[in-house]
Structures are given as C-alpha cells and as structure tokens.
1. Give the residues of region 18-67 that are more than 9 Å from ligand 1 (Cβ to nearest atom) and among the aromatic types (Phe, Trp, Tyr), sorted by residue number.
2. If you scan region 180-194, which residues turn out to be part of a helix (DSSP H, G or I) and surrounded by 24 or more Cβ atoms within 10 Å (Cβ to Cβ)?
3. Give me the residue from region 140-150 that is out of contact with any helix residue (DSSP H, G or I) (no Cβ under 6 Å at 6 or more places or on another chain) and either in a strand (DSSP E or B) or over 19 Å from Gly16 (Cβ atoms) (or both) and, out of that set, nearest to ligand 1 (Cβ to nearest atom).
4. At pLDDT 95 or above, of a type outside the set (A, V, I, L, M), under 30 Å from His200 (Cα atoms) and surrounded by 15 or more Cβ atoms within 10 Å (Cβ to Cβ), is that true of Ser52?
5. Restricting attention to region 117-130, which residues are among the basic types (Lys, Arg) and part of a helix (DSSP H, G or I)?
6. Going through region 187-208 one residue at a time, which ones are within 24 Å of Arg165 (Cα to Cα) and hydroxyl-bearing (Ser, Thr, Tyr)?
7. Name the pairs: first residue in region 151-180 and in contact (Cβ under 8 Å) with a residue 40 or more places away in the chain, second residue aromatic (Phe, Trp, Tyr) and buried (at least 24 other Cβ atoms within 10 Å of the Cβ), Cβ to Cβ under 8 Å, at least 6 apart or on different chains?
Amino acid sequence: MDRSREIGAVILDLDGVITDTAEYHFHAWQRVAEEEGITFTREDNEALRGVSRRQSLELLLGEHIERYGEDTLEEIMDRKNRYYRNSLEQITPADFLEGAPALLAAIRSRGLKMAIGSASKNTRIVLQRLGIIEAFDVIADGYSVERTKPAPDLFLYAAEQMGVRPGQCIVIEDAASGVTAALAAEMVAVGVGPEERVGHAHYRYDTIAAVDLDEILDDLAQ
Ligand code: B16
Ligand code: MG
C-alpha cells in the first residue's frame with residue numbers, strides 16, 4: 001500500500017460496525033433455516049456477513065437450492081426480511097456498538113467526510129432507528145449498485161458521491177467480503193474482528209471501541 005496519501009473520507013459499514021444488526025440477521029436466517037429443515041449454525045453465519053440477501057440465501061441453502069423454484073426462493077427472502085424487520089423495531093439510539101459514537105465524532109472532528117457503505121437494503125431504516133441518518137454525507141446501500149461486496153462498486157460509488165478519490169478513503173468493515181471490496185477499491189482497509197475473518201485488512205482491531213483513528217492517520221501520514 002502506498003502510505004503517503006491524504007485521507008479525505010471514511011466509509012463505514014453498518015451491520016457489525018455501527019450497530020450489531022449482524023446478530024438480528026443471524027436470528028432471522030436461523031429461523032428460516034429451521035423452517036426449511038436445514039442446519040445453520042453461528043459458524044455458518046460468519047460467511048454471510050456483508051454479503052447480499054440473495055447470496056446469503058444461496059450460501060444457507062447450499063446444495064438444497066436445487067429443490068426450490070425461483071418463486072419459493074423469493075418467498076424465503078421475503079420471509080427472512082420480515083423476521084429481520086420485526087427485530088429492527090427493538091433498535092433505539094442506545095443500540096450503537098460500544099465505541100461507534102466516539103469513532104463517528106473523531107472522524108468529524110478531523111474534518112473528514114463520512115459515508116455509510118452497507119450491502120443492506122434496510123440501511124435507512126436502521127440509521128433512522130439509531131437517530132443518525134443525518135450524520136452522513138452519503139449513504140451507499142443495497143440499492144446503490146448492482147454488484148455487491150466483495151466487488152469494489154459500493155465503496156467506489158460512495159467515494160464518487162462524496163467527491164473524493166478512492167485512494168483518499170478509509171473503509172471500516174467487519175466482514176471478510178467487505179475488506180476484500182475495500183482492497184479491490186484501492187482504499188485503506190480497516191478490519192474489525194478476528195484475524196481469521198479480517199486479517200487481510202491493512203489495519204485490524206478486535207472491536208470498534210479499539211479502532212484508533214489517530215494511529216491510522218499518523219501511520220498513513222508517514
Ligand atoms: P438486507 P453490511 C449486510 O450489511 C449484512 O452484513 C448482511 O448479513 C446482509 O445479508 C446484507 O447486509 C443485506 O441485508 O437483507 O437488509 O438487504 O454489513 O454491508 O452493513
Ligand atoms: Mg458488516
């Protein structure tokens with residue numbers, strides 16, 4: 001990575017970075033799996049982080065996908081989304097992941113632009129429930145581009161909308177697919193989570209609360 005770059009913006013993933021909706025996605029998929037008679041564990045769920053609803057369904061069903069027609073696949077996705085949407089009603093402004101509000105404040109206080117880059121089509125609802133929809137310059141979500149993570153498109157779209165070059169962006173991600181997308185976009189990738197999941201990022205922290213923006217900016221300025 002070329003370290004001498006001027007950072008102009010930070011793009012944050014939503015699920016697993018700002019709030020723990022990753023857990024709600026898991027419970028919704030688990031319920032669907034149970035109804036379909038398919039085993040689906042917390043470990044299986046790791047592969048679904050950051051990937052689209054359709055790809056998640058394909059991963060969940062695996063070889064069982066052959067027993068379903070297109071209409072049924074659509075119905076299963078709708079059902080999962082209904083379960084997920086129901087759980088979103090519990091979200092309040094108290095449901096930030098620890099350290100997320102401080103991180104957003106740190107980004108702002110350094111005069112950087114700020115975007116959301118989430119694969120979710122429910123991004124706006126979640127941001128509304130958290131009471132921070134106004135905080136972002138750009139919201140790139142599941143409706144913004146065709147090709148989802150690990151393709152770089154969503155992050156490139158966010159950069160373009162903010163008027164900054166990809167090389168000026170830092171991406172903060174909890175998903176393996178999201179880190180891969182950030183690297184493909186030639187952005188600075190910050191992974192949040194275990195080495196085996198996000199170890200391919202330029203910087204890695206165990207939790208959001210541990211993300212040290214100053215450390216990253218200082219390191220990049222050298
Ligand atoms: P939806 P992110 C992703 O959001 C989730 O991590 C992933 O589990 C989910 O399948 C995807 O959004 C699509 O979500 O069904 O709400 O459109 O991590 O990119 O913020
Ligand atoms: Mg995520």
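1. Residues satisfying the conditions are Tyr24, Phe40.
2. Passing the criteria: Ala181, Ala182.
3. Per the criteria, the residue is Tyr143.
4. Answer is no for this residue.
5. Residues satisfying the conditions are Arg124, Arg129.
6. Tyr203
7. Hits for this filter: Cys169/Phe155; Val171/Phe155.
Let's see how each residue does on (1) of a type outside the set (S, T, N, Q); (2) touching a Leu at 6+ places or on another chain (Cβ under 7 Å); (3) within 16 Å of ligand 2 (Cβ to nearest atom):
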| site | (1), (2), (3) |
| --- | --- |
| Leu59 | yes, yes, yes |
| Arg67 | yes, no, no |
| Tyr84 | yes, no, yes |
| Thr92 | no, no, no |
| Ser109 | no, no, no |
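The values are calculated or read from the model by the stated rules, or taken from the named source; none is laboratory data. No experiment lies behind these values; they were computed from the predicted model shown. Positions of Cβ are backbone-derived with ideal geometry, glycine not excepted, and every protein chain shown enters the neighbour counts.
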